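Okay, structure first, notes after.
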């Protein structure tokens, strides 16, 4: 994984609370310089895996979380499909 991109993600999305979609759009606009499409896709893949893992862990915390797990997983899947499609079209 591109460590500089990971650090930028952490600083921007986690510390500054910028939504992931905005972060990806700003990456595509070159706000922080150029990043290869493959690196951005790899970051999205890693984040997707982490989020799905977090959803699975939350399922074990109670009935309400289990009830929502499928819906949240589907929403997460759709979000990452949109972001991946955007990256595929926006990055050279």
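Every number in this text was worked out from the coordinates using simple rules, so none of it is lab data. All values reported here derive from a predicted model rather than from experimental measurement. All Cβ positions, even for glycine, are placed from backbone atoms using ideal geometry, and neighbour counts span all protein chains on display.
The table below lists the values:
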| quantity | calculated |
| --- | --- |
| Among (1) in contact (Cβ under 8 Å) with a residue 24 or more places away in the chain; (2) outside any helix (DSSP H, G or I); (3) farther than 17 Å from residue 1 by Cα, the one test that residue 83 misses | (2) |
| Of all residues making up segment 12-27, the number that are within 14 Å of the chain's Cα centre (by Cα) and in a helix (DSSP H, G or I) | 11 |
| Qualifying residue in segment 35-57 (condition: more than 15 Å from the chain's Cα centre (by Cα), assigned to a loop (DSSP other than H, G, I, E, B) and touching a residue at least 12 places away in the same chain (Cβ under 8 Å)) | yes |
| Search result, residues across segment 45-68 that are loosely packed, with under 14 Cβ neighbours inside 10 Å and either touching a helix residue (DSSP H, G or I) at 6+ places or on another chain (Cβ under 7 Å) or closer than 25 Å to residue 28 by Cα (or both) | 45, 46, 49, 50, 66 |
| Index of the failed condition, residue 73 passing every other in (1) closer than 19 Å to residue 6 by Cβ; (2) part of a helix (DSSP H, G or I); (3) touching a helix residue (DSSP H, G or I) at 6+ places or on another chain (Cβ under 6 Å) | (1) |
